[in-house]
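Take a look at the structure below.
The values are calculated or read from the model by the stated rules, or taken from the named source; none is laboratory data. Here the structure is a predicted model, which means the values were calculated and not measured. For accessibility, only protein heavy atoms count, side chains too; no ligands or nucleic acids. Shrake-Rupley method; radii C 1.70, N 1.55, O 1.52, S 1.80 Å.
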Amino acid sequence: MGFAFTGMIVALCIHFRDYLPSPSVQQAIYPYLMNGSVLLTYLTIYQSLHMLYQIWTLRKPIQA
């Protein structure tokens with residue numbers, strides 16, 4: 001199901017390749033792109049800090 005949906009989206013993007021880069025479409029999606037960039041930045045920082053925490057806690061002394 002997911003492959004069919006992805007294939008359909010790709011086919012639609014190829015079909016409308018002249019319409020998608022138009023200024024009206026770019027202006028309509030600009031706020032979503034900016035909010036997505038900010039969200040991606042926060043998620044990357046969180047994931048990096050979480051990874052460092054996991055590495056730090058992995059190095060605890062092992063007791064038998």
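By how many degrees, between 0 and 90 and to the nearest 10, does the Cα long axis of helix 2-15 differ from the longest principal axis of the chain?
Tilt of helix 2-15: around 40 degrees.
When the C-alpha atoms of the chain are aligned to their principal axes, what extent does each axis show, in angstrom, from largest down?
65, 30, 13
Given a 1.4 angstrom probe, I'd like the percentage of the accessible area of the chain that is carbon and sulfur, rounded to a whole number.
After summing per-atom areas, the C and S share lands at 72 percent.
Report, in degrees rounded to the nearest 10, the 0 to 90 angle that the Cα long axis of helix 23-58 makes with the longest principal axis of the chain.
The angle comes out at about 10 degrees.
Given a 1.4 angstrom probe, what's the average accessible area per residue across the chain, in square angstrom?
Working: 6480 Å² over 64 residues.
For the chain, the solvent-accessible area averages 101 Å² per residue.
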